[in-house]
Protein chains: 2
Amino acid sequence: MVNIKQIAQQAGVSVSTVSRVLNNHPYVRADKRERVQQVIEQNSYTPNSQAINLIRGKTKTVGLILPFSHHPYYHAIIAGVMEEAYQYGYHVLLCQTSYNPDQEREYLHMLSTRQVDGIIACSRVLPWAELQSYSDSGPIVVCEYTEESNLSAVYTDHYGAFCSGIQYLLDHGYTRIGYCIGRKTSASSQERFRAYQNTLHAAGLEVYQEWIFPDCIHMSDGEQIAKRIATMESPPSALIVTGDEAAAGVMLGARQYGLRIPEQLAIIGYDNQPISAGLQLTTIDQNLQEIGRQAFSLFYERSLDATIMPVKRQIPYTLIERHSV
Amino acid sequence: MVNIKQIAQQAGVSVSTVSRVLNNHPYVRADKRERVQQVIEQNSYTPNSQAINLIRGKTKTVGLILPFSHHPYYHAIIAGVMEEAYQYGYHVLLCQTSYNPDQEREYLHMLSTRQVDGIIACSRVLPWAELQSYSDSGPIVVCEYTEESNLSAVYTDHYGAFCSGIQYLLDHGYTRIGYCIGRKTSASSQERFRAYQNTLHAAGLEVYQEWIFPDCIHMSDGEQIAKRIATMESPPSALIVTGDEAAAGVMLGARQYGLRIPEQLAIIGYDNQPISAGLQLTTIDQNLQEIGRQAFSLFYERSLDATIMPVKRQIPYTLIERHSV
DNA sequence: ATGAAAGCGCTAACAG
DNA sequence: CTGTTAGCGCTTTCAT
């Protein structure tokens, strides 16, 4: 690998001059500039960005933390982040944590070690305080609302979204309402439970824990749940499923086990993924791509000016009416 | 940002000793090691990986080149690469090209500039020779078969896969067979045309150019095509659609425009994405995740030992029978 | 306009 | 066992 020194030597100039040519500085005599250019091309020399990064303290890279990557939810966010990052010439470094705190810590560390200029966290298992402690080294944007830290955040109003979904079901005459979520412990799940409880109570309805199905992430999970519902003595007649793929699974399972949709089981999905269009699934679109885009912009703005305050930005959701309710 | 020098100073040792502690070298007196450890923790010091990368000439990062990221095809590959990369402690740098040669070149450049240890190219617009020229700087793996270069490759036998799909349709009595592809110019599209031509000719059938639909990538593209087919005077009665989401679009469009499936229009999708399961779409699974996984391994093996020869690895496909044929 | 030299933060001989 | 020193490849004063 040829370096700047060798180029300088071959061109008969100093490394500074080569550097100037490389960075389009003025104050280089035309003929020297010419000569250097030539030597550079002859050797198809390219500067070592590690070295440049080291000096500039910048990498033009943002780290995207996610638990795993085989779920359309994350892909929608990835696509949004990528789209925006591409505009500004940034790269996206995918950092998979599998919800492992050590792994998550290690990636946050990359901020301290300048491997990335900032972090966008789609998932989080570390305490807020710890997350926040890393933000001295660069902008951190989370995709989750919290009062507990003043990190920048882009998020969905999960409470409101869930309320509106439940209300929609109520308006359509369903009273035996349940829901499926991913991880029970996540912040959004807690919001959703609050929404569930409050909306039901407001309607004079009771909460049945058996109608709350956690660990519903993939299509197969949805199918299993439909199977269980088909055999419950007191089954829900409507379900909000946080994730269209899982919702699709419920739908398929329901068909398989003889449940008519929406007569016997109404379903509202989440995320407006293509599969929901395919199955005519009513769904709540939380605009994941936009969340990704905004997350990048928030990072970017702060990376330009570290003094601006962290921003919390709520992204609107929309209920897309189709035929599963 | 505290650095190794300051740690050394505070601990009253030399930077080498700190370095040794950092890298778990033997030959450090226990008490000094202890002291250094403490100072490190007090300052929550973390080494600057830019600097380490600079010295080691390694980044533990592989660049993944793709044209865009809002398509499930790439997500499946990403997921496969990530899964494997995670095992070996590697990161994945997403590099979006939008099929722009300059952009692609720039990313390849990152190999020369040591920003990544290797490249996995899901898409390619540059000539093979140019791609290959970068491979001096590190392993390049492409997800496409070619004789024109001796880069490592992980690929599907597109010819065979298409033949078997067409044969399947023939076996089911369809003779008016067409197909939908993405970019007409891609290598795989050419393979597919060959397969189409040969299989049809072998069956004594003719090739109709009007039954070949290019630029069919997203769901909406599929819907449009179904619309066109519904109004064609001499429409195909069976279609292979390279991509389940697009195939789903065809299916939906067909329903919308009154075409019964599979009686009036048989459909074979591609990739065995969840949506195909959801719609009971017969599909050809080219095992994209496995392609991603293998691509990473190929990169990894060569990164350990640059002398081993490039490998071409074919990933088997499977026709998944469901109800759209 | 140009070059010498001092780093960026770290590792790795080398010499004790 | 430990410190000194010379880089890794580049940018950026500071002289000239």
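Rule-based calculations on the coordinates, nothing more; no lab input. Predicted model, so just to flag it, every value in this text is computed and none were measured. Every residue, glycine as well, gets a Cβ built from its backbone with ideal geometry; the counts of neighbours run over all protein chains shown.
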Ranked by Cβ crowding within 10 angstrom, fewest neighbours first, how are B:SER14, A:SER112 ordered? B:SER14, A:SER112
Once amide H atoms are built 1.01 Å from N in the peptide plane, which residues 5 or more positions from A:VAL142, or in another chain, come under 5 Å H to H? A:ALA121, A:SER152, A:ALA153, A:VAL154
How far is B:ALA306 from itself in the other copies, in nm, if each label sits 7 Å out from Cα along the Cα-Cβ line, shortest first? 3.6
Classify the protein assembly as shown as rounded, prolate or oblate, taking a ≥ b ≥ c as the square roots of the eigenvalues of its Cα gyration tensor: rounded when a/c is under 1.5, otherwise prolate if a/b is larger than b/c and oblate if not. oblate
Ignore the peptide's own chain and count Cβ atoms of other chains within 10 Å of each Cβ in A:270-279; give me the average, rounded. 6
Scalar couplings 3J(HN,Hα) for segment B:139-151 by Karplus 6.51 cos²θ - 1.76 cosθ + 1.60 (θ = phi - 60°), nearest whole Hz, x for Gly and Pro, are x, 10, 10, 10, 9, 6, 7, 7, 9, 6, 8, 10, 7
Which shape class applies to segment A:213-290: rounded if a/c is under 1.5, otherwise prolate when a/b exceeds b/c and oblate if not, where a ≥ b ≥ c are the square roots of the Cα gyration tensor eigenvalues? prolate
By what distance, in whole Å, do the Cα atoms of chain A stretch along each of the three principal axes, largest value first? 87, 37, 31
Sorted by Cβ density within 10 Å, fewest first, the residues A:SER152, A:SER16, B:SER49: A:SER16, B:SER49, A:SER152
Identify all aspartates and glutamates with a Cα-Cα distance to A:LYS58 below 12 Å; exclude those on the same chain that are fewer than 8 residues away in sequence. A:ASP117
Note, segment A:203-219: 3J(HN,Hα) by Karplus (6.51, -1.76, 1.60, θ = phi - 60°), whole Hz, Gly/Pro = x, goes 8, x, 9, 9, 9, 10, 4, 5, 8, 9, 10, x, 6, 10, 10, 9, 4
Under unit Cβ charges (Lys, Arg +1; Asp, Glu -1), what dipole magnitude, rounded to 20 debye, does the protein assembly as shown have relative to its Cα centre? 1940
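Using the Cα centre as the reference, give the magnitude of the dipole from point charges on the C-beta atoms of chain A (Lys, Arg: +1; Asp, Glu: -1; all else neutral), rounded to the nearest 20 debye.
For this selection, approximately 1200 debye.
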What whole-number distance in Å separates the alpha-carbon centres of segment A:214-247 and segment A:1-72? 55
Size-normalised alpha-carbon gyration radius of segment B:1-108, reference 2.2 N^0.38 Å: 1.54
Taking every residue in A:81-88, how many Cβ atoms of other protein chains lie within 10 Å of its Cβ, on average? 3
Taking amide H atoms as placed 1.01 Å from N in the peptide plane, list the residues 5 or more away in sequence, or in a different chain, whose amide H sits under 5 Å from that of A:LEU239. A:GLY178, A:ALA266, A:ILE267, A:ILE268
Test of understanding: ordering A:PHE296, A:PHE68, A:PHE213 by Cβ neighbours within 10 Å, fewest first, what list do you get? A:PHE68, A:PHE213, A:PHE296
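Only Cα pairs under 8 Å and at least 6 apart count here; give the relative contact order of chain B as a rounded whole percent.
17
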Taking a point 7 Å out from Cα toward Cβ as the label site, list the nm distances between B:ASP136 and the same residue in every other copy, smallest first. 4.5
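Over segment B:202-308, what is the mean sequence separation of C-alpha contacts under 8 Å (at least six apart), divided by residue count, expressed as relative contact order in percent?
Worked out over segment B:202-308, it gives 21 percent.
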Under a 10 Å cutoff between Cα atoms, tell me which one of B:GLY249, B:GLY173, B:GLY12 has the largest fluctuation in the Gaussian network model of chain B. B:GLY12
Pick from A:THR282, A:THR307, A:THR242 the residue whose mean-square fluctuation is largest in a GNM of chain A, springs joining Cα atoms under 10 Å. A:THR307
Here the longest stretch of chain A that holds no GluC sites (Glu not before Pro) in a DSSP loop having at most 15 other beta carbon atoms within 10 Å is A:1-146
For peptide A:236-248, how many partner chain Cβ atoms fall within 10 Å of a residue's Cβ, on average? 1
Considering only A:ASN272, A:ASN53, A:ASN24, give the residue with the highest GNM mean-square fluctuation for chain A, with springs between Cα atoms whenever their separation is below 10 Å. A:ASN24
Among the lysines, select those whose C-alpha is under 25 Å from the C-alpha of B:LYS184, and discard any that sit fewer than 8 residues away in the same chain. B:LYS227, B:LYS312
Amide H contacts under 5 Å for A:LEU64, restricted to residues at least 5 apart in sequence or on another chain and with H modeled in the peptide plane, are A:LEU93, A:LEU94, A:CYS95, A:ILE120
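Once R0 is set to 25 Å, what does the formula 1/(1 + (r/R0)^6) return for the Cβ-Cβ distance between A:LEU205 and A:GLU321, expressed as a FRET efficiency to the nearest 0.05? Numbers along the way, then the final one.
Working: r = 22 Å, r/R0 = 0.90.
Computed FRET efficiency for A:LEU205 and A:GLU321 comes out at 0.65.
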Antiparallel bridge percentage (DSSP; both residues within segment A:189-325; nearest 5): 35
What nm distances, shortest first, do you get from the label point of A:SER14 to those in the other copies when the point sits 7 angstrom along Cα to Cβ? 3.1
Once phi is turned into ³J(HN,Hα) by the Karplus curve 6.51 cos²θ - 1.76 cosθ + 1.60 with θ = phi - 60°, what whole-Hz value does each residue of segment A:19-33 show in order, with x for glycine and proline? 4, 4, 4, 4, 9, 6, 6, x, 6, 9, 4, 3, 5, 5, 3
